[in-house]
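Let me give you the structure first, and then I'll get to my questions.
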Amino acid sequence: MGKRSSVLNKNYGPLIPLKIAAFYAVIAGLWILLSDEALHLLFTDPITITRLSIIKGWLFTAVTAILLYFIVHRYVSALQRKDDKLLEVVQGVSAATGEAFFQSLVRKLAELLNVDYVLVGNLTGEGMTKVKTIAVFGKGNPMENFEYDLAGTPCADVVSGEGKMCFHPAGASAQFPQDHLLVGMGVESYIGTPLRDADGRVMGVMSILNCRPFESKNEAEAMFRIFAVRAAAELERMQRVDDLQAAEARYRLLFESNPHPMWVYDLETLAFLAVNDAAVIHYGYSREEFFAMTIKDIRPAEDIPRLLGSITQVSPGFGKSGYWRHRKKDGMVIDVEITSHTLSFDGKAAKLVLANDVTERLQAETSLLTQFSQISTIFDSLNAIVYVADMESYRLIYMNNYATSIFGSDWQNKLCYEMLQAGQTKPCDFCTNDRLVQNGEPLPPCIWELQNTRTGRWYQCTDKAIRWVNGQLVRMEIAVDITEHKDMERLKDEMVSAVSHEMRTPLTAILGFTEFMIENEVPRQEQETYLGTMQREAMRLNELIGNFLDLQRLRAQNHSFIFMPLDIREILEEAVSLFHSTSQKHNLIIDCPADLSKVRGDSGQLYHVFTNLISNAIKYSPYGGTVTIAARPEGDMVVVSVSDEGIGIPAEELERIFEKFYRLDNTDRRTIGGTGLGLSLVREIVHTHQGKVWVESELGKGSSFFVALPVAEKEL
Ligand code: ADP
């Protein structure tokens, strides 16, 4: 080491010149002082002393000049050598790239800085915790590359922390006892600098390890900094090249091993530039045959104009896809789905194509679509809602005519819950999706009932997961309107409970009296009273059953009404005559103009209407009074009113009294028998006549029931 000298090891900083100047001042001072003293001791003759002094002065000047010459000469040549060395390093490294660059760099740096070891390495390992050297120069020779853990080494500080240059001028081994390499090499001083990429990320490290303490830190550091920048740039370039090569290899693999046929063709000549194995296998042409053809040669003749049109509209970009037909070597024409990407290939504008043979898929889809269109014709003829929705996105895929007639025809791309329910912004709580599929397989249908919030009607829904044309599982629902059925059922239940309830009262009375008369000796007079009550109750029972049957019959037969022009006065008189003998307390008056137009009606049914209303007027006037039955023309209707002076009806009950089995329950009425069916029968009949019925009443003063019937056409 001692033999090798380095220009940079010499200290040409301000210290040496200062030392020289001080040394010179001392020597010169001593010389001036001592030489004059010596002359005066040795000689007494002043002339001799003066002459000798002049010679001494000349001598001093000559010695000083010679000294100055040597110092300046040495300094200038040292600078010259330094420049030469630097130039040599720069030239040495600029010619090379890659590993040769780093080999040259470490050698030149070691020589230039006269240090024992120089190494360059890049970060590697998981979490970048290791350094792998790219070039190492040690003890005058290139060394084998090696890998070491960063932990515990001075390089760790270089890489981590602020990633700045680290300088340990002396005692490096003592400072990093865990760094066995450092200790083993007997390193005393250390300089390390991070190598950063263009984004400032640390990629590697460049270090100097010296077995002696460093003397001239500044210059070494400056040199090191200059070459660190160049080294970092080269390291980044090498990494980019590696990445590029890896990417190229990956793409090559993707291209070559892709199971779908792929090729690249020249956009100008349309010639194949590259084809993969799958293309060779699938199309039956060898690579050589492909390269001798253009892409026109694999198209059926009729497709070529479209092909040429599409090529002229080339725009760079990925994923341009479309359906085409190709011809294989054996002449078979196949349907392919093409995905293409325009690129530059060997400097030519080219297109990369991936061809997916979809012949079988399209055939299957076409046959499924045909089947589906047949099925949809059937669905359209159904009087039921049929719709299909995606089970994940809830998007509607199909709705039959019946459903569109209810929910509207703009269902495409809408969500089922938004379209089919009112105000629903998220999937319905009652959605059956979860119950239709298990382990990716459809389960048996789910049958359930629901009242739809948009139509308010009841439906029996049959939900089933089915495979759609694209193979995806979707939910199909068939919803049959069961509102009528539901109403009937409810009506039936109501009727059964109401009728049985209504029957119980007269039956209890009849049974009570019968039992009493069987068990007791009853005088004839009392017997008559009891039998009278029993007869009344039996009649009430009879009326109830009669009314009930009438209502049922009416429902069943409302199409068999016989409508004809009727003189309403005749019907009213006939109805009133029924009641003349029943009550002494009531006065029945008919107020009907003689020239009243005939109405269109069924006489038997209208007779029912008016007997019911007159019977009620009498029943609900327990203290007697006048019952007026009036008729008057009103537009193309005849309005008949039945007014009494009875107990009246509370305003809030006016609407409800027309409901089946609806009876007002208060003390006044409790004693008045009834079935609650009369007015509903009246309403039913009047509606069948396209007429209207309503009531006006004042509590405690009386009620007026109005029936408006259309005038017979002949009369108009
Ligand atoms: P009901 O067999 O009870 O008479 P309706 O259907 O004929 O049954 O009448 C329903 C209810 O309407 C009766 O219970 C009664 O309370 C009330 N109502 C009907 N007509 C009159 C009327 N003219 N005056 C007062 N209330 C009446």
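The values are calculated or read from the model by the stated rules, or taken from the named source; none is laboratory data. Everything numeric in this text was worked out from a predicted model, so none of it was measured. Note: ideal-geometry Cβ built from the backbone for every residue, glycine included; neighbour counts use all protein chains shown. Accessible surface is based on the protein model in full, side chains and every heavy atom, while ligands, DNA and RNA are left aside. Shrake-Rupley method; radii C 1.70, N 1.55, O 1.52, S 1.80 Å.
Give me, ordered by chain and number, the residues 5 or more places off residue 195 or on other chains with an amide H under 5 Å from its own placed amide H.
So residue 195 has HN proximity to 203, 204, 205, 206.
For helix 98-113, report the angle its Cα long axis makes with the longest principal axis of the Cα atoms of the chain; keep it between 0 and 90° and round to the nearest 10°.
On a 0 to 90 degree scale, this one is about 40.
Identify the GluC sites (Glu not before Pro) of segment 267-305 meeting these criteria: DSSP loop state and at most 10 other C-beta atoms within 10 Å of the C-beta.
268
Sticking with this structure for a sec: Enter the accessible area per residue of the chain (Å², integer; probe 1.4 Å; all protein chains in place).
Here the residues of the chain average 57 Å² of exposed surface.
For the chain, what does the relative contact order come out to in percent, with C-alpha contacts under 8 Å and a separation of six or more?
5 percent
Please identify the GluC sites (Glu not before Pro) of segment 348-433 that satisfy two criteria: DSSP loop assignment and at most 10 other Cβ atoms within 10 Å. Which are they?
Filter output for segment 348-433: 392.
Continuing with the same structure: Between the alpha-carbon centers of segment 485-529 and segment 422-473, tell me the distance in whole angstrom.
Using only Cα atoms, the two centres lie 49 Å from each other.
Quote the FRET efficiency, to the nearest 0.05, computed for residue 86 versus residue 16 with a Förster distance R0 of 25 Å and r equal to the Cβ-Cβ distance.
0.75
Which whole-Hz ³J(HN,Hα) couplings does segment 472-485 yield from phi under the Karplus relation 6.51 cos²θ - 1.76 cosθ + 1.60, θ = phi - 60°, glycine and proline marked x?
Computed from phi, the couplings for segment 472-485 are 7, 7, 10, 9, 10, 10, 10, 10, 9, 6, 10, 4, 4, 4 Hz.
Figure the gain on full extension for residue 226 and residue 367 (residue separation times 0.36 nm, minus the Cα-Cα span) and round it to one decimal in nm.
43.4 nm
Give me, ordered by chain and number, the residues 5 or more places off residue 699 or on other chains with an amide H under 5 Å from its own placed amide H.
Here 649 satisfy the definition.
Turning to a different aspect of this structure: Obtain the nm distance between the two label points defined at residue 251 and residue 73 by a simple spin-label model: each point lies 7 Å from its Cα along the Cα-to-C-beta direction.
Using points 7 Å along Cα→Cβ, the separation is 6.5 nm.
Starting from 0.36 nm per residue, how many nanometres of slack lie between residue 455 and residue 659 once their C-alpha separation is accounted for?
71.1 nm
Determine the calculated [θ] at 222 nm for the chain from helices alone, applying -39500 (n - 2.57) to every DSSP H run no shorter than 4 residues and normalising by the residue count; nearest 500 deg cm²/dmol.
The per-residue figure over the chain is -15000 deg cm²/dmol.
Which length gain, in nm to one decimal place, applies between residue 346 and residue 380 when the Cα-Cα distance is subtracted from 0.36 nm times their residue separation?
6.4 nm
Measuring from centroid to centroid over Cα atoms, what is the spacing of segment 684-707 and segment 349-386 in Å?
Taking the Cα centre of segment 349-386 as reference, the centre of segment 684-707 is 61 Å away.
With θ taken as phi - 60° and the coefficients 6.51, -1.76 and 1.60, list the Karplus ³J(HN,Hα) couplings across segment 232-238 in order, rounded to whole Hz; mark glycine and proline as x.
4, 4, 5, 4, 5, 4, 4
Please turn the phi angles of segment 300-308 into ³J(HN,Hα) values with the Karplus equation 6.51 cos²θ - 1.76 cosθ + 1.60 (θ = phi - 60°), one per residue in order, whole Hz, x for glycine and proline.
Coupling constants for segment 300-308: x, 3, 5, 8, 5, x, 5, 4, 5 Hz.
So if I take the centroid of the Cα atoms in segment 578-628 and the same for segment 180-247, what is the distance between those two points in Å?
Taking the Cα centre of each part, segment 578-628 and segment 180-247 sit 120 Å apart.
Here's something else I'd like to know. Tally up the carbon and sulfur contribution to the accessible surface of the chain as a whole percent, 1.4 Å probe, everything protein left in place.
Of all accessible area on the chain, carbon and sulfur atoms account for 56 percent.
What's the FRET efficiency of residue 694 with residue 517 using the Cβ-Cβ distance as r and R₀ = 30 Å, to the nearest 0.05?
According to the calculation, E is roughly 0.05.
Only bridges with both residues in segment 533-640 count here: give the DSSP antiparallel percent, nearest 5.
Antiparallel bridges: around 55 percent, rounded to the nearest 5.
Let me ask something else about it. Using +1 at the Cβ of each Lys and Arg and -1 at the Cβ of each Asp and Glu in the chain, identify which of 326, 642, 592 lies farthest towards the dipole's positive end.
326
Taking the chain as the reference, fit the longest principal axis to its C-alpha atoms, fit the long axis of helix 603-619 to the helix C-alpha atoms, and give the angle between the two in degrees, 0 to 90, nearest 10.
Rounded to the nearest ten degrees, it is 90.
Compute the angle between helix 568-579 and the longest alpha-carbon principal axis of the chain, please, reported from 0 to 90 degrees and rounded to the nearest 10.
The two axes meet at around 70 degrees.
To the nearest 0.05, how large is the calculated FRET efficiency for residue 563 and residue 360 if R₀ is 60 Å and r is the Cβ-Cβ distance?
So the FRET efficiency works out to roughly 0.35.
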